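One structure is given here, and the rest of the page talks about it.
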Amino acid sequence: MNQLERHRILRNMDQLIQNTNYEVLKKECYLRRMLSEVMIAVIEDRYRDEASKHKKLFEKITKRGPTAFQTLLEICQGNFPAAYKLLKGGPVVGFNQNQNLNVGGQHETFNSTFHPNRRRAVSANFGESSQLAVQQQRLERLSIGSRSISAEDEDAKNNNQEIETTDGKMRLVEYLEPVQDLLKVKLTTRPQRPRLLEVYPMTSTRRGVIFIVNIIKYKNNTHPTRNGAEADRDNLLSLFRQLGFTVFYYEDLTNGDFQLLVKELKNSPHLSAECFAFYILAHGNHNKGWDKIYLNDNSILFVHDILKLFNNENCPKLIGRPKLFFFSICRGDRADFGQYRSDANTERDGMINRNKEPPTNMPTYADMYICFSTVPGFSAHRDTSLGSWLVESMCKVWAEHAHDTDVEQLMKLVGKEMARYRTENLGMQTLACEQYGFYDLLYLNPGYSVE
């Protein structure tokens with residue numbers, strides 16, 4: 001929905017409320033998949049009088065993506081002729097196409113396209129989502145009045161995705177917001193059979209689950225807004241959905257929110273999937289060997305603490321399962337302009353006893369593959385329109401090669417792709433990956449299942 005369409009709805013809000021019926025509008029929005037069950041439930045939980053619900057419903061529609069206005073027009077054309085005439089009227093008097101429209105205290109942005117690789121990056125940044133019968137049955141549960149929201153509800157609020165219960169606490173809900181799949185992932189026709197190494201199982205319908213945290217804005221402006229992060233959202237959602245992953249996506253979490261959601265995730269049945277992935281995009285830094293991430297409330301989350309949350313000791317559900325971690329953060333504030341190589345001698349560190357049999361006890365950290373968008377001490381780059389370099393290059397490479405290439409090789413290709421990028425002053429970025437006991441090969445096998 002563009003600014004003009006959004007402005008037309010908000011400017012005529014009172015007349016639209018007078019000329020539409022809340023119950024009919026709510027039902028039509030749901031049946032046309034413009035609003036989800038949980039979105040409607042949140043409105044009805046928080047607002048008791050129908051006028052407030054009615055207004056909030058229209059405000060929610062303004063945040064529902066590029067086709068929302070046309071869908072609303074179709075609803076009004078068939079049910080509310082007067083409202084249809086209001087929306088189809090001429091240019092809105094006093095509207096400036098370039099103005100920033102603020103709804104409910106939040107600036108609305110929506111970008112549902114995959115962003116192709118650019119020749120040059122333009123910015124380096126500091127620190128850094130029959131059927132009708134089923135829907136009708138579910139609609140019957142959307143009655144006016146109080147309603148508790150359970151963890152089984154399937155969807156999320158749009159915009160900043162803060163999914164809350166009536167007591168204000170965060171809740172774990174699969175992210176099902178629609179995203180246009182201009183990014184097309186090639187599908188696997190038959191699984192790879194390597195000669196030397198074993199492969200992690202990745203052929204069931206419960207392929208994987210990914211938990212994504214995208215910190216865009218910071219309270220009290222303690223850090224700059226991460227412009228372009230919405231593009232990362234769309235690209236990651238499109239990629240992992242096509243890979244068959246269940247997606248949990250959240251924006252602008254505080255430390256309390258994060259800990260609560262991770263605890264719920266670890267106690268949920270979702271971790272029975274064959275693969276677990278964790279992706280966080282935020283401002284960060286690296287100091288005295290420690291990588292730290294800044295959350296929305298400026299609290300600090302350490303990378304080693306995240307890894308500890310999902311190791312074999314603290315998350316036994318994931319024992320033996322591949323665990324992927326992606327940290328799109330700065331690890332310092334130095335810009336990398338490249339250097340000439342110098343000769344260096346190498347020495348052997350320590351002695352190895354090759355005669356001992358390997359012990360049978362289980363390591364604390366195993367089956368973990370960890371990727372950082374940059375190396376310690378250096379900044380990570382994010383284009384204000386196209387998103388972060390890591391996400392952009394990763395989505396491009398994985399879409400093209402995930403059908404026949406294992407994850408470690410994929411990330412080597414991502415690193416080579418990202419190494420081509422330059423800022424206007426020729427700044428660059430180096431991908432950094434490491435593994436903790438990640439000894440088998442992980443093929444994602446998009447579109448392939450033996451079940």
Looking at V103, V93, which one is modelled with pLDDT under 80 and open to solvent by less than 10 Å² (accessible area, probe 1.4 Å)?
V103
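Please enumerate the residues belonging to the range 51-78 that are part of a helix (DSSP H, G or I) and closer than 15 Å to L10 by Cβ. First the steps, then the outcome.
Of the residues in the range 51-78, the ones part of a helix (DSSP H, G or I) are 51-61, 68-78.
Across the range 51-78, the qualifying residues are H54, K55, K56, L57, F58, E59, K60, I61, A68, F69, L72.
Go through the residues of the range 245-259 one by one and say whether even a single one is surrounded by fewer than 19 Cβ atoms within 10 Å (Cβ to Cβ) and within 29 Å of H403 (Cα to Cα). Working first, answer last.
The first filter runs over the range 245-259 and keeps only residues surrounded by fewer than 19 Cβ atoms within 10 Å (Cβ to Cβ), leaving 246, 254-256, 259.
Checking which are within 29 Å of H403 (Cα to Cα) leaves us with 246.
Looking for residues that are surrounded by fewer than 19 Cβ atoms within 10 Å (Cβ to Cβ) and within 29 Å of H403 (Cα to Cα), one finds at least one in the range 245-259, hence yes.
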Would you call E162 at pLDDT below 80, open to solvent by less than 40 Å² (accessible area, probe 1.4 Å) and either more than 30 Å from E400 (Cβ to Cβ) or assigned to a loop (DSSP other than H, G, I, E, B) (or both)?
no
Restricting to the range 319-335, what's the tally of residues that are open to solvent by less than 30 Å² (accessible area, probe 1.4 Å) and modelled with pLDDT under 95?
5
Taking interchain pairs and intrachain pairs at least six residues apart, which have beta carbon atoms under 6 angstrom, with the first residue in the range 381-393 and on the phi > 0 side of the Ramachandran plot and the second modelled with pLDDT under 90 and of a type in the set (A, V, I, L, M, F, W, C)?
G387/A231
So for the range 291-299 (the condition being within 26 Å of S388 (Cα to Cα), surrounded by fewer than 16 Cβ atoms within 10 Å (Cβ to Cβ), basic (K, R) and at pLDDT below 95), does at least one residue qualify?
no
E424: passes all of (1) assigned to a loop (DSSP other than H, G, I, E, B); (2) open to solvent by less than 10 Å² (accessible area, probe 1.4 Å); (3) within 26 Å of E230 (Cα to Cα) but (2)
Of everything in the range 275-290, what is open to solvent by 30 Å² or more (accessible area, probe 1.4 Å) and touching a strand residue (DSSP E or B) at 6+ places or on another chain (Cβ under 7 Å)? Give them in sequence order.
N285, W290
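Given the criterion modelled with pLDDT under 90, closer than 30 Å to D383 by Cβ and among the basic types (K, R), identify the matching residue among R48, R64. Talk me through it step by step, then tell me what you get.
Values: R48 fails: closer than 30 Å to D383 by Cβ.
The unique qualifying residue is R64.
The values are calculated or read from the model by the stated rules, or taken from the named source; none is laboratory data. Worth saying up front: this structure is predicted, and the values here are computed from it rather than measured. Every residue, glycine among them, receives a Cβ derived from its backbone with ideal geometry; neighbour counts consider all protein chains shown. What goes into the accessible areas is simple: the full protein's heavy atoms, side chains included, and nothing from ligands, DNA or RNA. Shrake-Rupley method; radii C 1.70, N 1.55, O 1.52, S 1.80 Å.
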